[in-house]
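Working notes for the structure below.
Please treat every number below as a calculation from the coordinates, not as lab data. A quick note: this is a predicted structure, and the numbers were derived from the prediction, not measured. Neighbour counts run over all protein chains shown; Cβ positions are idealised from the backbone, glycine included.
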Amino acid sequence: MPLVTYVRGTQMRKALRQPYKQFFGTLANQIRIDIIELLVKSGDRNVSKIVSSLSYDQTSISHSLSRLEECGFVTVRKKGKERIYSINHKTIEPLLTLMQVHMDNYCKHVVAKSSRKIKGRK
């Protein structure tokens, strides 16, 4: 049975829940989103360059990079004692492009509407 059937059905198979939770949970964190955005825009970076480019402490960046690596969002290569991080060009980069198209068409108006409601309450 195709995966889509499980996603659209009333109950997703238990075996599929955890990978979805892990994948979407990885994206549901501002630090990780900022790291992904930096790597897409600026290319490969070591931890020090990522820390200096973003306003987060090194521990938070390191933990976030571990999660991104664990889930395949970034790849890592060693260069001497450094670990150089780059976006996963094969799967994540095309996915981010598709997500941007989706957000532009379906999500931005919802966020704008919510912002207007919040501003109207003040």
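Straight distance only, please: which aspartates and glutamates reach the Cα of Lys90 with their own Cα at less than 19 Å, same-chain residues fewer than 8 apart left out? Partners within reach: Glu37, Asp44, Glu69, Glu70. Relative protection proxy for 22-32, 76-86, from highest mean packing down: 22-32, 76-86 (other beta-carbon atoms within 10 angstrom). Rounded to whole numbers, the Karplus 3J(HN,Hα) couplings from phi for segment 50-64 are 5, 4, 5, 7, 10, 9, 10, 6, 4, 4, 4, 5, 4, 4, 5 Hz, using 6.51 cos²θ - 1.76 cosθ + 1.60 with θ = phi - 60°, and x at Gly and Pro.
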